[in-house]
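Here the structure is laid out as structure tokens; the discussion comes afterwards.
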Amino acid sequence: MSLRDLKRERTRQSIVDTAFTLFAERGFDDVTVAEIAAAAEVGTRTLHRYFTSKEELVFPEDEELRADLTRLLAERPAGERPETTLAVVIAPLVGRFGSENLVKARTRDELIASSPALLARDLAKQAAVEHLVEHHLARQLGVAVGTDVRPSLWAKIGMACFFSAYRVWLSQGGNLADHVAAASAALSETLPPLGT
């Protein structure tokens, strides 16, 4: 990473950290972009070069996450079983969110729950991840999305395991990877094999 890129990344992270602190103190709706920029010691135009909306400041990982998942899925071998693909997809999600400080993650979750705009953005983020997985699985199976239930079903099941485990982690703490494993095991115990 060049010195210029390093400086840009530091500025971006400073804006994110400053925004999060202000949101945690006063609530998402009661903080303006101008206040965030001033506290981060940048101009509003500079802030908007990094983030096009205030909502993006609560989800700064979205673009990078989708790019990582797209690359990861492109590297998967042909004919891979859906459950293997899902395990490979969930691993970086666990690494990305599980490494986050639990107190900070809980504060972020409270912010999202308190704002309809953030709730909508969070649901859109989850749907975007599911969409990537669904379309990859459709290509792997050689079927079209919308004409075969399997890609959508597998993508929904996989993401439901992760997000259900994430909710438990927020509530109970512990190791997110363990909660994901428990969710997967519970699913296997609860549901009969497909087609029976």
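The values are calculated or read from the model by the stated rules, or taken from the named source; none is laboratory data. All values derive from a computational prediction rather than experimental measurement. No Cβ is skipped: glycine too gets one built from the backbone with ideal geometry, and neighbour counts run over all protein chains shown. Remember, those area values only see protein heavy atoms, side chains included, never the ligands or the DNA or RNA. Shrake-Rupley method; radii C 1.70, N 1.55, O 1.52, S 1.80 Å.
In the stretch 70-91, what count of residues is obtained for those that are of a type in the set (A, V, I, L, M, F, W, C) and farther than 15 Å from Trp154 by Cβ?
As a first pass, look at the stretch 70-91 and keep what is of a type in the set (A, V, I, L, M, F, W, C): 72-74, 78, 86-91.
Pick out the ones that are also farther than 15 Å from Trp154 by Cβ and you get 72, 74, 78, 91.
Matching residues across the stretch 70-91 total 4.
Just the residues that are outside any loop (DSSP other than H, G, I, E, B), without any contact (Cβ under 8 Å) to a residue 24 or more places away in the chain and among the hydroxyl-bearing types (Ser, Thr, Tyr), please, taken from the stretch 37-53.
Across the stretch 37-53, the qualifying residue is only Thr44.
Scan the stretch 1-35 residue by residue and report those that are β-branched (Val, Ile, Thr) and touching a Phe, Trp or Tyr at 6+ places or on another chain (Cβ under 9 Å).
Thr11, Ile15, Val16, Val31, Val33
If a residue must be exposed (fewer than 12 other Cβ atoms within 10 Å of the Cβ) and within 22 Å of Ala91 (Cα to Cα), how many such residues does the stretch 51-69 contain?
We begin by selecting, within the stretch 51-69, every residue exposed (fewer than 12 other Cβ atoms within 10 Å of the Cβ); these are 52, 63-64, 67.
Now drop any that are not within 22 Å of Ala91 (Cα to Cα), which leaves 63-64, 67.
Within the stretch 51-69, residues that are exposed (fewer than 12 other Cβ atoms within 10 Å of the Cβ) and within 22 Å of Ala91 (Cα to Cα) number 3.
Here's a check for you: in the stretch 22-36, which residue that is in a helix (DSSP H, G or I) and in contact (Cβ under 8 Å) with a residue 12 or more places away in the chain is most open to solvent (accessible area, probe 1.4 Å)?
So in the stretch 22-36, the residues in a helix (DSSP H, G or I) come out as 22-26, 28-30, 33-36.
In the following step, the residues that additionally are in contact (Cβ under 8 Å) with a residue 12 or more places away in the chain were identified as 22-24, 28-29, 33, 35-36.
On the way: Leu22: 24, Phe23: 4, Ala24: 56, Phe28: 6, Asp29: 104, Val33: 32, Glu35: 73, Ile36: 0 Å².
The qualifying residue most open to solvent (accessible area, probe 1.4 Å) is Asp29.
Conditions tested, residue by residue: (1) touching a Cys at 6+ places or on another chain (Cβ under 7 Å); (2) in a helix (DSSP H, G or I); (3) open to solvent by 50 Å² or more (accessible area, probe 1.4 Å).
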residue: His131; (1), (2), (3): no, yes, yes
residue: Val143; (1), (2), (3): no, no, no
residue: Trp154; (1), (2), (3): no, yes, yes
residue: Ala165; (1), (2), (3): no, yes, no
residue: Ala181; (1), (2), (3): no, yes, yes
residue: Ser188; (1), (2), (3): no, yes, yes
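Just a yes or no: is a residue in the stretch 98-110 at pLDDT 90 or above, open to solvent by 40 Å² or more (accessible area, probe 1.4 Å) and over 23 Å from Leu22 (Cβ atoms)?
no
For every residue, the table says whether it meets (1) within 18 Å of the chain's Cα centre (by Cα); (2) among the aliphatic types (A, V, I, L, M).
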| position | (1), (2) |
| --- | --- |
| Leu102 | yes, yes |
| Leu111 | yes, yes |
| Leu123 | yes, yes |
| Gln126 | yes, no |
| His131 | yes, no |
| Thr147 | no, no |
| Cys161 | yes, no |
| Asn175 | yes, no |
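Please determine, by comparing only the residues of the stretch 167-179 that are of a type outside the set (S, T, N, Q) and open to solvent by 40 Å² or more (accessible area, probe 1.4 Å), which one is nearest to His131 (Cα to Cα).
Within the stretch 167-179, the match that is nearest to His131 (Cα to Cα) is Arg167.
Is there any pair with a first residue in the stretch 8-19 that is open to solvent by 50 Å² or more (accessible area, probe 1.4 Å) and a second that is part of a helix (DSSP H, G or I) and hydroxyl-bearing (Ser, Thr, Tyr) whose Cβ atoms are under 9 Å apart and which are 6 or more apart or on different chains, and what are they?
Arg8/Tyr50; Arg12/Tyr50
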